[in-house]
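Chemist: One structure follows; several queries about it will come next.
The values are calculated or read from the model by the stated rules, or taken from the named source; none is laboratory data. Every value quoted in this text rests on a predicted model; they were computed, and no experiment measured them. Counting neighbours? That spans all protein chains shown, and the Cβs are built from the backbone with ideal geometry, glycine included.
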Amino acid sequence: MAERSGLPFEKRLESMGIMWEVGEWFMVQAARDYEPALLSDTERRKVEKRDFLTRLVQGTLEAVDEERLASRLGLPGELEYQVVLGREISPITWAAEVENAFSDALAPAVADAVEGCLVGVLPALEGADAAASRASERQDLRGGVLALGCPVRIGKLAESLEEARIVLASLEPGSVGCFDVRSRGWRLAVACAPWLGDVVGQGLLAPLWENRGGGEALLMYVWAFLEHGRSYRDAAQALYIHENTLRNKVAKFEQITGRSLNEIDTCIELMWLRHDMALKGTLSVGDSV
């Protein structure tokens, strides 16, 4: 109707967004107000699942309601579960693929696209590797991201959701696979303290910017050196340059900045800066090896 009326493309997108929000609101209202006898089991489960996940994401799900709704969805209270958040995957197929991949004999997985995000609740897994193994069996999950929260009992899913959000926020654009706090390590702190990246950047970038000999471009060589375990040989091969050329680049960086790559603080700050720039979208493709 919007197209036939001649509305501009931007207005049509805005109309679609409004329709989506209204439809989601009606689904939540239906879950709270429906008459159970009028719905089939499949329809009842669909609206209850959406209500459960929507209220979880909104932070309005009290522990007693969480336990009641989880029980109705077939999630035993004596087991542990993890919240999972998705990215870079079509919402249409995501929920079905997650539920098929992560349901087991003890409890089902529930997933949906609500509140503008892909969210699910899974029976607890043994880390990101176990999740990656399950996801690899589903073609539609291989090209996206699954961020896992900590295992918790029903009634404390908000804790797992918060951890999953931190894991998701720590992922660089273009990341693919399954991740949890253990697999992200110190990178979680970069996402939680974005201001620190600016502080680190001021100390490292200022002298490089002031150098007229392309000092800032030296970062690519230094990052490659660090990412390859401070091996000149391996980093030079990855950069397709001679090993001595890389040694000269690293030496020039140390001369300009007055910082030594033999100091652990310098190495940490350089990798912190790289990850911070990637999260903020200021790291170009050419800067990553």
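Chemist: Regarding the stretch 158-174, can at least one residue be identified that is out of contact with any Phe, Trp or Tyr (no Cβ under 6 Å at 6 or more places or on another chain), charged (D, E, K, R), surrounded by fewer than 18 Cβ atoms within 10 Å (Cβ to Cβ) and free of Cβ contacts under 8 Å to residues at least 24 places away in the same chain?
Modeler: yes
Chemist: Among (1) over 25 Å from G185 (Cα atoms); (2) among the charged types (D, E, K, R); (3) in contact (Cβ under 8 Å) with a residue 60 or more places away in the chain, which single condition is K252 missing?
Modeler: With (1) over 25 Å from G185 (Cα atoms); (2) among the charged types (D, E, K, R); (3) in contact (Cβ under 8 Å) with a residue 60 or more places away in the chain applied to K252, the lone miss is (3).
Chemist: Still on this model: Out of R187, R247, I need the residue that is touching a residue at least 12 places away in the same chain (Cβ under 8 Å), over 15 Å from K280 (Cβ atoms) and of a type in the set (K, R). Which one?
Modeler: Values: R187 fails: over 15 Å from K280 (Cβ atoms).
The conditions single out R247.
Chemist: Of (1) crowded, with 19+ Cβ neighbours inside 10 Å; (2) over 27 Å from the mean Cα position of the chain (by Cα), L273 satisfies all except one. Which?
Modeler: All conditions pass for L273, except number (2).
Chemist: Let me ask something else. For V199, are the conditions met, namely being at pLDDT 85 or above, surrounded by fewer than 17 Cβ atoms within 10 Å (Cβ to Cβ) and out of contact with any Phe, Trp or Tyr (no Cβ under 7 Å at 6 or more places or on another chain)?
Modeler: Yes.
Chemist: Which residue pairs have Cβ atoms closer than 6 Å, lie 6 or more positions apart in sequence or on different chains, and pair a first residue in the stretch 19-39 that is under 22 Å from D65 (Cβ atoms) with a second residue that is at pLDDT 65 or above and of a type in the set (D, E)?
Modeler: V28/D51; A31/E48; A31/D51
Chemist: Among (1) within 23 Å of W272 (Cβ to Cβ); (2) surrounded by 20 or more Cβ atoms within 10 Å (Cβ to Cβ); (3) touching a strand residue (DSSP E or B) at 6+ places or on another chain (Cβ under 6 Å), which single condition is G149 missing?
Modeler: G149 satisfies all of (1) within 23 Å of W272 (Cβ to Cβ); (2) surrounded by 20 or more Cβ atoms within 10 Å (Cβ to Cβ); (3) touching a strand residue (DSSP E or B) at 6+ places or on another chain (Cβ under 6 Å) except (1).
Chemist: Tally the residues that are surrounded by 15 or more Cβ atoms within 10 Å (Cβ to Cβ) and on the phi > 0 side of the Ramachandran plot, restricting the search to the stretch 175-196.
Modeler: Number of matching residues: 1.
Chemist: Something else: Suppose we filter E126, E35, E115 for residues that are within 14 Å of L161 (Cα to Cα) and either touching a His at 6+ places or on another chain (Cβ under 7 Å) or at pLDDT below 90 (or both); which single one remains?
Modeler: Every option except E115 fails the conditions.
Chemist: Against the definition (among the basic types (K, R) and within 19 Å of E210 (Cβ to Cβ)), how does K280 come out, yes or no?
Modeler: On the way: among the basic types (K, R): yes; within 19 Å of E210 (Cβ to Cβ): no.
Against the criterion (among the basic types (K, R) and within 19 Å of E210 (Cβ to Cβ)), K280 does not qualify.
Chemist: Filter the stretch 82-107 for residues that are in a helix (DSSP H, G or I) and farther than 21 Å from G127 by Cβ and give the result. Spell out the reasoning first.
Modeler: Filtering the stretch 82-107 down to residues in a helix (DSSP H, G or I) leaves 91-102.
P91, I92, T93, W94, A95, A96, listed by residue number.
Chemist: Additional query: Please give the helices (runs of 4 or more DSSP H) falling wholly within the stretch 122-236 in which 1 or more residues are of a type in the set (D, E) and out of contact with any Ser or Thr (no Cβ under 7 Å at 6 or more places or on another chain). First the steps, then the outcome.
Modeler: Numbers: elements: 127-135, 157-169, 181-184, 187-192, 194-210, 218-227.
Of the helices (runs of 4 or more DSSP H) lying wholly inside the stretch 122-236, those with at least 1 residues that are of a type in the set (D, E) and out of contact with any Ser or Thr (no Cβ under 7 Å at 6 or more places or on another chain) span 127-135, 157-169, 194-210, 218-227.
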